[in-house]
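Below: one structure, written as structure tokens.
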Amino acid sequence: MAAVKRETYSPEGGSTRVDLADGDDLGDILGPAQEPPLLQQPPAQEKPAFEPVTAGDESTPGRGRLGRFGSWVKQRPFTAGLLMILAGAVILTPAYLSFEVSNIQIQIATMSGVSTLLIGVLLISCGLMTWFQRDARILTGITALILAIVAIPTSNFGGFILGTLLALLGGAFALSWVPRDKPSKADRKRGRNNED
């Protein structure tokens with residue numbers, strides 16, 4: 001019979017060398033009440049296949065920031081501001097962009113350089129103000145609507161109509177946005193009691 005050498009480790013840090021023959025069982029040598037630490041399996045815990053992450057959950061890196069950004073977006077007219085910023089960029093781009101195609105420089109030269117710059121910068125400012133000063137959404141919405149109409153004759157047909165459409169949509173979204181009020185705990189309890 002061949003002897004098998006096994007080394008067991010105790011949780012206290014010491015080790016024990018045990019010589020086993022082919023027919024011997026380690027449980028017989030150590031005794032029935034004691035099992036070797038290496039052979040003990042931790043109890044199996046079932047993990048759910050999907051764990052939902054809440055907006056304020058900081059336990060997983062990256063999810064907390066995404067949740068905070070999502071709640072920031074929901075508290076203000078984000079889409080309206082984004083459309084106003086895009087409209088300003090679309091109106092500004094053709095007037096100040098030039099590019100070269102096989103030694104031919106292409107540039108849109110118009111008389112409306114200053115008005116295009118002014119309208120584009122004002123629309124971008126309106127978009128940023130809509131994001132960061134949500135109470136001024138009425139002012140920025142009306143200003144974006146006026147700038148969109150003024151951009152048609154003064155700024156290359158309002159950024160070739162695309163800038164005007166984006167500004168009109170952004171202004172309309174800003175005017176139609178209503179802040180969501182969080183119900184108090186008492187109102188939520190009353191709502192649950194009414195449902196029952």
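If only residues of segment 128-153 that are of a type in the set (A, V, I, L, M, F, W, C) and in contact with a Gly (Cβ under 6 Å, 6 or more places away or on another chain) are counted, the one that is farthest from Thr79 (Cα to Cα) is Ile152.
Name the residues in segment 90-108 that are in contact with a helix residue (DSSP H, G or I) (Cβ under 7 Å, 6 or more places away or on another chain) and either aliphatic (A, V, I, L, M) or modelled with pLDDT of 85 or more (or both), would you? If the condition is that a residue be in contact with a helix residue (DSSP H, G or I) (Cβ under 7 Å, 6 or more places away or on another chain) and either aliphatic (A, V, I, L, M) or modelled with pLDDT of 85 or more (or both), then Val90, Ile91, Leu92, Ala95, Ile108 are the ones that fit. Of all residue pairs spaced 6 or more apart or on separate chains, those with beta-carbon atoms under 6 Å, a first member in segment 119-131 that is within 22 Å of Gly70 (Cα to Cα) and a second member that is surrounded by fewer than 18 Cβ atoms within 10 Å (Cβ to Cβ) are Met129/Ala136.
A residue that is assigned to a helix (DSSP H, G or I) and either touching a strand residue (DSSP E or B) at 6+ places or on another chain (Cβ under 9 Å) or farther than 25 Å from Arg137 by Cα (or both) can be found somewhere in segment 95-102.
Where in segment 109-196 are there helices (runs of 4 or more DSSP H), lying wholly inside it, with at least 1 residues that are in contact with a Ser or Thr (Cβ under 9 Å, 6 or more places away or on another chain) and at pLDDT 95 or above?
113-132, 137-154, 162-176
The values are calculated or read from the model by the stated rules, or taken from the named source; none is laboratory data. Everything numeric here is computed off the predicted structure, so don't read it as measured data. Note: ideal-geometry Cβ built from the backbone for every residue, glycine included; neighbour counts use all protein chains shown.
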